[in-house]
Amino acid sequence: MQKAFGHVTAASGFRAAGICCGIKANVRDLALLVSETRAAAAGTFTTNSFCAAPVILSRARLRSGGARAIIVNSGCANAATGDAGMRDAELITRDVARMLSIDRAEVLAASTGRIGRRLPVKKILSGLSTLVGRLSVEGGRDAARAILTTDTCPKEALTRRVIGRREITVGGMAKGAGMIHPMMATMLAFITTDAAITPGCLKELLRESVEKSFNRISVDGDRSTNDSVFVLASGLAGNPVIERGDSKAGRLFSSALDEITATLAEKIVRDGEGASKLIEIVVSGARDRREATRLGFAIANSPLFKTAMYGEEPNWGRILSALGGAGVALRPERVRVVLQGECVFRRGAPAGADERALRTRMGMAHIKVEIVLDRGRAEERILTCDLTPDYVELNKR
């Protein structure tokens, strides 16, 4: 039943709704997520210098450590819109607060869509009464659909843990298909939980979870102006308040949060614009995690590599080229490359792989690339997808 209702409202204390207010034609484009209580709240945001108005507004309001509602629109990014864009975001959140009878400082905002255009404020304000009127536990799925842009399907996740003899729920929804690159990307994610946890601990655990998930994916290497990840904790599960991430309860909650962020991140990559393959890149034996990440993304963001994966061509020379240009002083004789389980390069030379058999494996929907170094113990896993003609078609305008 929860799957039908939507996972973002599975945790106790949350309602949501999603409607069409006319930003886009005949599809849901406005969502609202509300907590019955003042929830502990945290967020992480894009590092793009041209961050959108809702990012600026929400980042400032989250300094209080609490929130009650998030208003989200798709179809317009409200980025690069100057002071007018900030006024628009503030006006919309003010009206949401008025209709919910809460403080406007407790309302966060998120937007996704085309950059450089102002929000159609009149359409949004006209739709707010309908949106608020439809708030329900059953509205989670409608909200998950209302935040989509070029996505082909909603992205949701749900898990549970027992903490202090109380079952806690963590659920979430996300959007993202293009302009995906860490720190973070054109993606929005909204996570809810009924766990009782302090704002400081929630912030710490969210930051760590995002670093391992949303900051380890790439579709096209372009970093967005709007990406945001929010988490709201209603505290209604009745568990002892989690105050430290390194406590038993903190580790249990962290594992649940990590499961949600990892699931949503993978769903974003699988639904990458025009993508036909999920590509997993594992770099091991690096000096540190930063080096492993740098090498992994050098491959993940290479158009030559990504187009070869689309063409189902085991051209591992493109992997080596990307690695060699990553700015890490690698010694070829100490690098091993494994593609789809077949060692293709080692000791500075071809490993004699059966390329006919390997080419057959390249037709699989999941491609795995393993880079084995001899420099240390650090390992990182990066997810990306192939680059297809459909990606160009979707983004040529």
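Per-structure values
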{"item": "Output for the range 291-336, where each listed residue is among the hydrophobic types (A, V, I, L, M, F, W, C), surrounded by fewer than 21 Cβ atoms within 10 Å (Cβ to Cβ) and in contact with a strand residue (DSSP E or B) (Cβ under 8 Å, 6 or more places away or on another chain)", "result": "Leu320"}
{"item": "Residues that are surrounded by fewer than 24 Cβ atoms within 10 Å (Cβ to Cβ) and over 17 Å from the mean Cα position of the chain (by Cα), drawn from the range 35-56", "result": "Glu36, Thr37, Arg38, Ser49, Phe50, Ile56"}
{"item": "Pick from the range 365-397, criterion over 30 Å from Gly113 (Cβ atoms) and in contact with a Ser or Thr (Cβ under 9 Å, 6 or more places away or on another chain), ranking: surrounded by the most Cβ atoms within 10 Å (Cβ to Cβ)", "result": "Ile371"}
{"item": "Index of the failed condition, Cys20 passing every other in (1) buried (at least 20 other Cβ atoms within 10 Å of the Cβ); (2) at pLDDT 95 or above; (3) of a type outside the set (A, V, I, L, M)", "result": "(1)"}
{"item": "Failed item in (1) modelled with pLDDT of 95 or more; (2) in a loop (DSSP other than H, G, I, E, B); (3) in contact with a helix residue (DSSP H, G or I) (Cβ under 8 Å, 6 or more places away or on another chain), with Met364 passing the rest", "result": "(3)"}
{"item": "Of all residues making up the range 279-290, the number that are under 28 Å from Leu394 (Cβ atoms) and surrounded by fewer than 21 Cβ atoms within 10 Å (Cβ to Cβ)", "result": "1"}
{"item": "Scope the range 109-140; condition part of a helix (DSSP H, G or I) and not aliphatic (A, V, I, L, M); matching residues", "result": "Lys122, Lys123, Ser126, Gly127, Ser129, Thr130, Gly133, Glu138, Gly139, Gly140"}
{"item": "Criterion (within 21 Å of Leu205 (Cβ to Cβ), modelled with pLDDT of 95 or more and part of a helix (DSSP H, G or I)) met by exactly one of Leu257, Leu295, Leu236", "result": "Leu257"}
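The values are calculated or read from the model by the stated rules, or taken from the named source; none is laboratory data. Predicted, not measured: the structure shown is a model, and the values here were computed from it. Cβ coordinates were reconstructed from backbone atoms using ideal geometry, including for glycine residues, and neighbour counts include every protein chain displayed.
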